[in-house]
Amino acid sequence: RLLSISSQGGATEELPRLKADTEAFLKRGGYELAVYADPYGATRRGLAAVASPDVFPATFVVDRDGRVVEGWLGYDPATFERIKLQVASLLAAEQK
């Protein structure tokens, strides 16, 4: 499952502005996916525990037990392929 969380990166979120900015971003990119807000900053605090909270996007693969298996900060074109390989590896391990 993919969980996408939109954030303005500040201490608190201005939810109406965040919603408008997120919807505009999704429309520009032609993306159709559910995006959640982080109004109380829980996601940012969790990210700050492992990396700079100013690095977005941040992507984490979490296994069925809730452990972060791997994470990527920022984006480069090879990131998507690495994510696919990590997820495929976890799924294959569960089949055994």
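Residue 45 falls short on exactly one of the conditions (1) among the charged types (D, E, K, R); (2) in a helix (DSSP H, G or I); (3) at pLDDT 80 or above, and that condition is (3).
Cβ-Cβ distances below 7 Å connect the following pairs, each with a first residue in the stretch 65-94 that is within 15 Å of residue 1 (Cα to Cα), a second residue that is part of a loop (DSSP other than H, G, I, E, B), and a separation of six or more residues or different chains: 69/63; 90/63. In the stretch 9-38, the residue that is nearest to the chain's Cα centre (by Cα) out of those that are at pLDDT below 75 and either surrounded by 13 or more Cβ atoms within 10 Å (Cβ to Cβ) or of a type outside the set (Ser, Thr, Tyr) (or both) is 9.
The values are calculated or read from the model by the stated rules, or taken from the named source; none is laboratory data. What you see is a predicted model; the values in this text were computed from it and never measured. Here Cβ is always computed from backbone atoms with ideal geometry, including for glycine, and neighbour counts include all displayed protein chains.
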